[in-house]
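K.L.:
I have a structure I would like to understand better, so I am pasting it below and will then ask my questions one at a time.
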Amino acid sequence: MKVLILIFTGLLLGGCAVVPSMKSVDGVYEQKEGEDTYRAALLENGIAEGYRNGKKIGREGKWKLTKEGEIHVTYSDGEVSIYRINKDCSITFIAAIYLDGERISAPKEAQVNFKKSNNLSPSPFHPPNHLR
């Protein structure tokens, strides 16, 4: 059964790694909104950081891959942001788990897509992963 799940996950992910791993998913993901550029940095050490126009914003979290092939970013208060890994290796915010443990799916208009960036640094002052 586990083999079938892995094969099915691999078929769904297509252009990305057959079975996603921390190494295949880590990196900087980018989304532009008007004149602002948002970057989500999923670091190889499991830390997740957010940036707007090169400045760190929001709260830092810890990310992991689930057996369902989702990315879960857990914050210090216990809330979780959930991202789907798309066929083109981009990621999309799809849901959140709140403090009461309830998973709430994001409506389509609130699902934000981040494309994997060739820019290894989320900020001009932030060293790329391989220099940490």
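K.L.:
If I model a spin label as a point 7 Å beyond the Cα along the Cα-Cβ vector, how far apart are those points for Glu70 and Met22 in nm?
P.N.:
It is 2.1 nm.
K.L.:
Shifting gears a bit: For a quick protection proxy, order the peptides 74-82, 101-109 by their average other-Cβ count within 10 Å, most packed first.
P.N.:
Values: 74-82: 14.8, 101-109: 9.2.
The peptides rank, most packed first, as 74-82, 101-109.
K.L.:
Let me ask something else. Calculated FRET efficiency, Arg103 and Lys55, Cβ-Cβ r, R0 35 Å, to nearest 0.05? Display every interim value, and only then the final one.
P.N.:
Numbers: r = 30 Å, r/R0 = 0.87.
Step by step, r from the Cβ atoms, then E = 0.70.
FYI, it's all coordinate maths here, none of it is from the lab. Nothing here was measured: the structure is a model prediction, and the numbers come from that model. Quick reminder, even Gly has a Cβ in these numbers, built from the backbone with ideal geometry, and neighbours come from all protein chains shown.
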